[in-house]
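Colleague: Input: one structure, supplied below.
Bear in mind these aren't lab numbers, they're just calculated from the coordinates by the rules spelled out. Just so it is clear, the model here is predicted, and its values are computed rather than measured. Ideal geometry is used to build each Cβ from the backbone, glycine not excepted, and the neighbour counts take in all protein chains shown.
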Amino acid sequence: MRQTFTRSAVDKRPRRADGSRTLSAPLLAAAVLLVASLVFYALVFPRPSRAVTDQVSFTDVSAQAGLPPIFKDTIGAQWADYDNDGAVDFHISLQHAGQQALYHNNGDGTFTDRAVEAGMFVNVDIHGCSWGDYENDGDLDLLCPVGANSGTSVTSWDVLFRNNGDGTFTDVYQAAGMNDNLGRGRNALWLDFDKDGDLDAYFTGSTVMTEEPSLT
């Protein structure tokens, strides 16, 4: 069937001398208002120009800060002001039995590794550690899962470094009752899951045969 169209209205606008139609008064008024609104908006709310100097940039200052150029088998870094001197320090987790590092912030843009003096110089396969004040004594402690030898040897016990408040730490993992058997630790988190005001510990990792998270 042939489709047809029917004009439903007659254009009664006046014609110019060349025969073209003129704009109706309402339409002309709307167009003027639109242009005026655009001009007003551009003047009152100018579009900000982003200069090149405003862009965020970063500079590697590892060497100036006293950090080594390479950390072998780094598994993570955890920032915290462990000695409450107002300067944020950080701990480096090293896997594959790497020697851990505890970098103390000297307050002048440099860091010093104090793992030996702090009692953290352990040669085990440490993964994702987590800072938390589990004793509520104002000093941050460090909980570290360990995954050495596929979780089958005594070096696979996790580590809880209790902050002694004098810049040193003591491993109290088993003494604190956190005996979750041998396993391949991968991550640890502090949280107050029962809202009693005391931090609880959540572990993720692999046992010898299966992967099972545990909550202590």
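Colleague: Computed FRET efficiency, Cβ-Cβ of Ser57 and Asp108, R0 25 Å: what is it to the nearest 0.05?
Modeller: The computed FRET efficiency comes out at 0.65.
Colleague: Could you calculate the contour length gain from Asp198 to Ala30, that is, 0.36 nm times the residue separation minus the distance between their Cα atoms, to one decimal place in nm?
Modeller: Working: separation 168, 0.36 × 168 = 60.48 nm, distance 6.67 nm.
Stretched out fully, the Asp198 to Ala30 stretch lengthens by 53.8 nm.
Colleague: Right, here's the next one. Would you mind getting the Kirkwood hydrodynamic radius of region 61-151 from its Cα pairs, rounded to one decimal in Å? Working shown, then result.
Modeller: Details: mean 1/r = 0.0730 Å⁻¹.
Its Kirkwood hydrodynamic radius stands at 13.7 Å.
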